[in-house]
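Please treat every number below as a calculation from the coordinates, not as lab data. Given the structure is predicted, the values throughout are model-derived calculations rather than measurements. Backbone-built Cβ (ideal geometry, glycine too); neighbour counts: all protein chains shown.
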Amino acid sequence: MKVLVTGGLGFIGSHTVVELQNKGFDVVIIDDCSNSDENVLDGIQAITGKKPLYEKLDLKEKHKVEDFFQRHQDVEGVIHFAASKAVGESVEKPLLYYENNIGTLVYILKELCNKNKASFIFSSSCTVYGQADKMPITEDAPVKVAESPYGNTKQMGEEIISDTCKVTPSLNAIALRYFNPMGAHPSGEIGELPKGVPQNLVPFITQTGIGLRQELSVFGDDYPTPDGTCIRDYIYVVDLAKAHVVALERLLNGKNEANYEVFNVGTGTGSSVLEAIQSFEKVSGRKLNYKIVDRRPGDITSAYADTTKANKVLGWKAEYTLEEAMNYAWIWEQKIRD
Ligand code: WQD
């Protein structure tokens, strides 16, 4: 069974390729390497013993997408990670985000609609909820007006897929709304490789811990939370990767109850920024250098998942804790700085 993973050299994509290969799938990766490196292929092979097929291809080039699907007619499933994902950058360069995140999605869906049957897994995000009114967040929480073009592309992406599935019975799709992915593979062969100054908390913590960054700025401790810092649902990237395989198998085996479904993918536990720092200090045995600064514009106070639907309907549950995931993030940081 051949599966296309777009963005398969990226952080979540590469971990998902490993889990797909572990389950016996043949994987072909498309990646334009705009935010990843081809040597991730060696890391994947070091873990699974199998080097996935790989094509460097810009999905914004429609004819190249058409040509790819002509040459790989045996692709039965697609897991679509390829997208730009920096919230701040999306505010400065909205058209780059709409072209790269929406245009490419349309080209891929058009190809899948030409097949007798196709299974499609979409990388969505809890960002679609904005600041949800109630914690934990269920899948039927209202989608709020996006706070950034990035978040808007996830909302629009879900609507495009839903509308397409309504008129294409042969297309079965699942949108996975990730909470906050973190960590690295236990093997130390693959992990997060943020380019430049990390936007996300966990890589900034580990880079500060190893001395690459002077100190971590904690964006505000005056939120209405127990310790004043924002709360998030930090999910271990291997748990997240496994959710993609379970979702794909659900579609391939015809277990889906509708041809478009949505699942939250989180641990169900909320952790504050200070708790994330404490978990780092515990696993590393190091004191983290940080200071409290002003809030970051656009940040929401709290977001963590109600995982009932993922656990009971999808049949998936996160197995790792924040501390275990932070430990793997720290091991990875030390390895890549060696
Ligand atoms: C987490 C918490 C910050 C950095 C974003 C995207 C989301 C998803 C995950 C793609 C917040 C605080 C952070 C720092 C800090 N990405 N923080 N100092 O903003 O929850 O989600 O990444 O799908 O779509 O929106 O993640 O890691 O940036 O921030 O205090 O240097 O850490 O204020 O409370 P976020 P994050």
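Observations on the structure shown:
- In order along segment 254-261, phi translates into HN-Hα couplings of x, 8, 5, 8, 8, 8, 9, 10 Hz, rounded to whole numbers, per the Karplus curve 6.51 cos²θ - 1.76 cosθ + 1.60 with θ = phi - 60° and x for Gly and Pro.
- 15 Å Cα-Cα reach of Lys62 towards aspartates and glutamates, excluding residues that sit fewer than 8 places from it in its own chain: Asp31, Asp32, Glu99, Glu111
- Using alpha-carbon coordinates, inclination of helix 104-113 to the longest axis of the chain, degrees: 40
- Rounded to the nearest 10 degrees, the inclination of helix 237-252 to the longest alpha-carbon principal axis of the chain is 20 degrees.
- Per residue convex hull volume, Cα atoms of the chain, in Å³: 124
- Each peptide in 145-156, 78-89 receives the mean, over its residues, of other Cβ atoms within 10 Å, and ordering these scores from highest gives 78-89, 145-156.
- Nearest 10 degrees, 0 to 90: helix 149-166 Cα axis against the chain principal axis: 30
- Note on Asp299 and Gln45: their simple-model spin labels are 4.2 nm apart, each label 7 Å out from Cα toward Cβ.
- Short-range pairs are left out: with C-alpha atoms under 8 Å and at least six residues apart, the relative contact order of segment 144-228 is 10 percent.
- The chain: calculated mean residue ellipticity at 222 nm from DSSP helix runs of at least 4, using -39500 (n - 2.57): -11000 deg cm²/dmol
- Nonlocal amide H pairs with Leu216, under 5 Å, H built at 1.01 Å: Asn289, Tyr290, Lys291
- Förster radius 30 Å - calculated FRET efficiency between Leu95 and Thr321 (Cβ-Cβ, nearest 0.05): 0.15
- Segment Gln334-Lys2, length gained on full extension (0.36 nm per residue, minus Cα span): 116.0 nm
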